[in-house]
Amino acid sequence: SAARAATDIPRRRRNLSFRSPLSEAALTFRYEFFANNRRYKYRPQFSPYIFGGVAVFAYNPQAKLGDEWLDLQPLGTEGQFLADCGYEDCPDPYSLVNFAIPFGAGIRYTLTEKIDINVEIGLRKPFTDYLDDVSGQYADYEELYAFNPNAALLSDRIDRAVYPQGGRFWNGIRGDNTQMDWYVISVVSATYILDWVKCPKFR
């Protein structure tokens, strides 16, 4: 799951929170810096490497209301399902399946003749800004509340005892849609080498 805790004051005052269970399938290509031109059994004891490729992932941003975690995408917290958002055009509903560019670095260590241990950290650059369900502007609170009270409550969580205008206090800006979200995956894995090639025997 992807999650993030805000540390700067404006984001803490915004008071939004989320979790986002995420599944990914990726095709990556790896380049090891210590070359090995012989059979696998002669590979170096360890080698740093870099990798890159393409990935498709599914995610589902959620927020907690009371004791229940609610899926945010069907609620349209930025007015995706409204006819009038209170500003320009309402955004289209975002897809819960998207593409990303994975890249990163790691170290491979030879444990036995056929087993390697890999430790790596990978960055993912997705083509979406909605991993946290936040991207654009606050929708009109009254319109959103009439559509779905939960959508309004989870869209604008600013303390109205301090800021009676709610999201309008921040000029309606809920997120920065000029930058896409990122996520990071740290991996510790073991690789077992399959060797079905039999060397020819000569008599």
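The values are calculated or read from the model by the stated rules, or taken from the named source; none is laboratory data. As the structure is a computational prediction, the values presented were derived from the model and not from experiment. When we count neighbours, we look across all protein chains shown, and the Cβ atoms used for this are built from the backbone with ideal geometry, even at glycine. Accessible surface areas use protein heavy atoms only, side chains included; no ligands, DNA or RNA. Shrake-Rupley method; radii C 1.70, N 1.55, O 1.52, S 1.80 Å.
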Could you report the accessible area of Asp89 in Å², rounded to 10, computed with a 1.4 Å probe on the protein chains as they sit in the structure?
130 Å²
Please report the spacing between the Cα centers of segment 172-191 and segment 135-160 in Å, no decimals.
24 Å
Express in Å², to the nearest 10, the accessible area of Asp195 obtained by rolling a 1.4 Å probe over the protein heavy atoms while all chains stay in place.
40 Å²
How much of the accessible area of the chain, probe 1.4 Å, is carbon plus sulfur, in whole percent?
56 percent
Of the peptides 15-22, 178-185, how do they stack up when ordered by the mean number of other Cβ atoms within 10 Å, highest first?
15-22, 178-185
Can you match volume of the Cα convex hull per residue in Å³ to one of these, [x] 119; [y] 242; [z] 162, based on a calculation from the structure here?
[z]
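Taking only protein heavy atoms into account and a 1.4 Å probe, give the accessible area per residue of segment 59-172 in Å².
On the way: 5750 Å² over 114 residues.
Normalised by residue count, the accessible surface of segment 59-172 is 50 Å².
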At 7 Å along Cα-to-Cβ for each site, give me the label-to-label distance between Asp195 and Glu142 in nm.
7.6 nm
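Using the alpha carbons of segment 6-93, what is the convex hull volume per residue in cubic angstrom, as a whole number? Mind dumping the intermediate values first?
Working: hull volume 20.3 nm³, N = 88.
Output value, Cα hull per residue: 231 Å³.
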Protection proxy (average C-beta count within 10 Å per residue), highest first, orders 31-42, 158-169 as 158-169, 31-42
Across segment 121-133, in residue order, what do the Karplus-derived ³J(HN,Hα) couplings come to in whole Hz, using 6.51 cos²θ - 1.76 cosθ + 1.60 with θ = phi - 60° and x for Gly and Pro?
10, x, 9, 10, 9, x, 9, 8, 10, 10, 4, 9, 6
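Stretch Ile117-Leu70 to full length: gain in nm at 0.36 nm per residue minus the Cα-Cα span? Please report the intermediate quantities before stating the final value.
On the way: separation 47, 0.36 × 47 = 16.92 nm, distance 3.86 nm.
Full extension from Ile117 to Leu70 adds 13.1 nm.
Would you work out the charge dipole size for segment 54-97 about its Cα centre, treating the Cβ of every Lys and Arg as +1 and the Cβ of every Asp and Glu as -1, and quote it to the nearest 20 debye?
Working: 1 positive and 8 negative charges, 43 e Å.
Dipole about the Cα centre, nearest 20: 200 debye.
Evaluate the relative contact order of the chain (contact order divided by residue number), counting alpha-carbon pairs under 8 angstrom at least 6 apart; express in whole percent. Numbers along the way, then the final one.
On the way: 383 pairs, mean separation 43.6, N = 203.
Relative contact order of the chain: 21 percent.
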Keeping all protein chains in the complex and leaving out DNA, RNA and ligands, what accessible area do you get for Ile107 with a 1.4 Å probe, in Å² to the nearest 10?
90 Å²
Apply the Karplus parameterisation 6.51 cos²θ - 1.76 cosθ + 1.60, with θ equal to phi minus 60°, to every residue of segment 24-37 and state each ³J(HN,Hα) to the nearest whole Hz, in sequence, with x for glycine and proline.
9, 10, 9, 10, 10, 10, 10, 10, 8, 7, 9, 5, 9, 9
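Please state, to two decimals, what the Cα-based radius of gyration of segment 103-203 comes to when divided by 2.2 N^0.38 Å (N = residues). Please list the in-between numbers first.
Details: Rg = 25.9 Å, N = 101, 2.2 N^0.38 = 12.7 Å.
Here the answer is 2.04, to two decimals.
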